[in-house]
Structures are given as C-alpha cells and as structure tokens.
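Here is the structure we will look at, set down as structure tokens.
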Amino acid sequence: MVILEARVLGLPVITTAFSSVGDSVPAEAGIVVPQTVKGVSEGLQAFLDGTVHAKALDTVSYNAEAIRQFDAAIHHRPGGA
C-alpha cells in the first residue's frame, strides 16, 4: 500500500523485490533492488544521486483496471470481456 501512496504523491520509489512488485513499480516510477543490505544501500545511493525516477500514479486508470479485474474474477470472464 505504501508504494501506491508514494506514487499518488509523485514520489520516487525504492523497494526490495517481492512477487507482485512489478505491478506496483514500473521502470519509470522507481527502482526495485535485491533484498540485501547492499541492494538497499545501492538503491538509496541512486536516490541521493538523483537517478531514481518518479511518476505519479494515474488513480483513475488504476481504479478502472482494478474494477475491471474484480468484475472479471467474480463473473469468471478471462480478460474481463
């Protein structure tokens, strides 16, 4: 949730890798680092160097897609059609 909150505010995101992180942090919205001290350190250094990009989350599109996926799941329609 905190990743989405940061993106709504247009803040750069630095996060460690986890299973669904790709859906939350596209390349233009931050960076994903390994779950290691070195990975986090390098991510923070990239932020300090000004190389971590930020892109605000389009909440209207995000919510529309979430509703489409939910509707498809409860009606068992692959792809939402």
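Computed on protein heavy atoms with a 1.4 Å probe, the accessible areas place THR51, THR16 in the order THR51, THR16, largest first. Put simply, the convex hull of the Cα atoms in the chain casts, on average, a shadow of 6.0 nm².
Solvent-accessible surface of the chain, taken per residue with a 1.4 Å probe and all protein chains present: 70 Å².
With respect to the chain, whose longest principal axis is taken over its alpha-carbon atoms, helix 59-74 is tilted by about 50°.
Angle of helix 37-48 to the longest C-alpha principal axis of the chain, folded into 0 to 90 degrees and rounded to 10: 90°.
For the peptides 30-36, 54-60, 70-76, the ranking by packing is 30-36, 54-60, 70-76, with the highest mean count of neighbouring Cβ atoms within 10 Å listed first. Placing unit charges on the Cβ atoms of the charged side chains and taking the dipole of the chain about its Cα centre, the candidate lying farthest along the positive direction among VAL13, PHE70, ALA54 is PHE70.
With a 1.4 Å probe rolled over the protein heavy atoms of all chains, the accessible area of ARG7, ARG68 falls in the order ARG68, ARG7, largest first. Averaging the sequence gap over all C-alpha pairs within less than 8 Å and six or more residues apart, then dividing by the number of residues, gives the chain a relative contact order of 30 percent.
The values are calculated or read from the model by the stated rules, or taken from the named source; none is laboratory data. Since this is a predicted model, take the numbers as computed values, not measurements. Cβ sites come from the backbone with ideal geometry, for glycine too, and all protein chains shown count toward neighbours. Heavy atoms of the whole protein, side chains included, go into the accessibility calculation; ligands, DNA and RNA do not. Shrake-Rupley method; radii C 1.70, N 1.55, O 1.52, S 1.80 Å.
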